[in-house]
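Novice: First the structure, which I've put down as C-alpha cells, then a few questions once you've had a look.
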Amino acid sequence: MVLVIGGLASGKRSYVRSLGYDDEQMGTRAYDGKPVLVALEELLRDGPLDDAALQDVSSRAVVCCCEVGMGVVPMDPKERAWRELVGRTCAALAAEAKRVVRMVCGIPTIVKDGGAE
C-alpha cells in the first residue's frame with residue numbers, strides 16, 4: 001500500500017493519477033471495491049474503524065488522507081478526538097505501508113520507501 005498524506009488541495013489526487021489511477025478508481029468508502037481510497041479522514045468522522053474496515057483500507061493499493069493535526073487545536077472536544085484518531089490511524093497505516101508520500105504544494109516527498117506496489 002502507498003499512503004499519501006498532505007494538506008487540503010496539496011496535490012494528493014494528482015499524485016495518485018501519476019501512479020496510473022483515474023478518478024473512477026478512487027473511492028471514499030470502505031468496501032467499495034476501488035483500489036484507491038481518498039479522504040480517509042472523512043471515513044473516520046464516525047469513530048475508529050472496526051477490524052474488518054481497517055483491513056479493507058489497508059488492503060488498498062493507495063490510501064490518501066488530509067493532514068488534520070498541523071493547525072490550530074480545535075476547541076471542540078469531538079474535533080480534537082477526531083484529529084487524534086486520524087493521526088493515530090495514519091501512523092498505523094504508515095507502519096504497514098510500503099511507501100509513504102507527503103504532498104507539499106504539489107511536490108511529492110517520499111517519507112518512507114520500502115518499494116512501490
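Rule-based calculations on the coordinates, nothing more; no lab input. Since this is a predicted model, take the numbers as computed values, not measurements. In this analysis, Cβ positions are derived from the backbone assuming ideal geometry, glycine residues included, and neighbour counts consider all displayed protein chains.
Novice: Using θ = phi - 60° and the Karplus form 6.51 cos²θ - 1.76 cosθ + 1.60, what ³J(HN,Hα) does each residue of segment 71-85 get, whole Hz, x for Gly and Pro?
Specialist: Couplings: x, 5, 6, x, 6, 6, x, 5, 5, 5, 5, 4, 4, 5, 4 Hz.
Novice: Same structure again: Give, in nm to one decimal, the length gained when the segment between residue 88 and residue 75 is fully stretched (0.36 nm per residue of separation minus the Cα-Cα distance).
Specialist: Gain in length upon complete extension: 2.7 nm.
Novice: Still on this model: If packing is taken as the average count of other Cβ atoms within 10 Å, what order do 72-81, 21-30, 95-104 fall into, highest mean first?
Specialist: 95-104, 21-30, 72-81
Novice: Further, regarding this structure: I need the phi-derived Karplus couplings for segment 36-49: 6.51 cos²θ - 1.76 cosθ + 1.60, θ = phi - 60°, integer Hz, Gly and Pro marked x.
Specialist: Along segment 36-49, the couplings run 10, 10, 10, 6, 3, 4, 6, 5, 8, 4, 8, x, x, 6 Hz.
Novice: Just to be sure I understand, if you calculate semi-axes √(5λ) of the Cα gyration tensor in Å for this structure, which of (i) 35, 18, 12; (ii) 21, 17, 13; (iii) 23, 17, 12 do you get?
Specialist: The listed entry that was calculated here is (ii).
Novice: Mind checking the full-extension length gain between residue 58 and residue 46? Use 0.36 nm per residue of separation minus the Cα-Cα distance, one decimal, nm.
Specialist: The residue 58-residue 46 span can extend by a further 2.5 nm.
Novice: Work out the length of the dipole vector of segment 2-113 about its Cα centre, built from +1 on the beta-carbon of each Lys and Arg and -1 on the beta-carbon of each Asp and Glu, and round it to the nearest 20 debye. Could you put the intermediate results ahead of the total?
Specialist: Numbers: 15 positive and 16 negative charges, 76 e Å.
For segment 2-113, the charge dipole is close to 360 debye.
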